[in-house]
Amino acid sequence: MEESVKKKKRFPGIWVYILCLLVAVLLWLIVMKVNPPKVTAEFRDVPVVVVDAENLQEAGYDYVCATTVRKIVLEGTREDLYRCTREGKLEVRVSLANVTPGIASASVTASVVGTTEGVEVAEHVSVSFTFNKR
């Protein structure tokens, strides 16, 4: 008779542990949905778009630069970063408006265009240029 009492005592204990585990998983899912963690992701071979180069071309200079950036690092939630890759609109935009004619080379800070809301650039992006007189 003592054995049957012990078995009945253990059986409800297992259900309590299972219920606690289910409640913990449910709370974890709620917290992850309400406040998702931010992660960083690397994007490779992002195309470069050069804008505002008219002042250099009018002064008789041509420029040479890479057509893609090897790596950019973005920070955001996994869902937002996934949206950036799914839409495929990422590009590195470089403005040459502040570059003065006559220099041989420069490293220009670029901006990343095409990110979704909530995604930020984690590391600054710069593009190297070489300027040649025509």
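General remarks:
- Against the empirical 2.2 N^0.38 Å (N residues), the chain has a Cα radius of gyration ratio of 1.97.
- Cα long-axis angle, helix 2-34 against the chain (0 to 90 degrees, to the nearest 10): 20 degrees
- Rounded to the nearest 20, the size of the Cβ-charge dipole of the chain about its Cα centre is 1020 debye, with Lys and Arg at +1 and Asp and Glu at -1.
- Note on residue 83 and residue 70: the extension gain reaches 2.7 nm, defined as 0.36 nm multiplied by sequence separation minus the Cα-Cα distance.
- From least to most packed, judged by other beta carbons within 10 angstrom and beginning with the fewest, 129, 43 follow the order 43, 129.
- When 38, 33 are arranged by Cβ crowding within 10 Å, least crowded first, meaning fewest neighbours, the order is 33, 38.
- Gained length - residue 95 relative to residue 19, 0.36 nm times residue gap less alpha-carbon distance: 21.5 nm
- Between residue 104 and residue 55, the simple label model (points 7 Å from Cα in the Cβ direction) yields a spacing of 2.3 nm.
- Spacing of the two label points (7 Å from each Cα toward its C-beta) at residue 34 and residue 133, in nm: 6.7 nm
Quick note: the coordinates plus some simple rules give every number you see, no bench work behind them. Bear in mind the structure is a predicted one, so any value in this text is a computation, not a measurement. Heads up, the Cβs are rebuilt from the backbone with ideal geometry, glycines too, and the neighbour counts pull from every protein chain shown.
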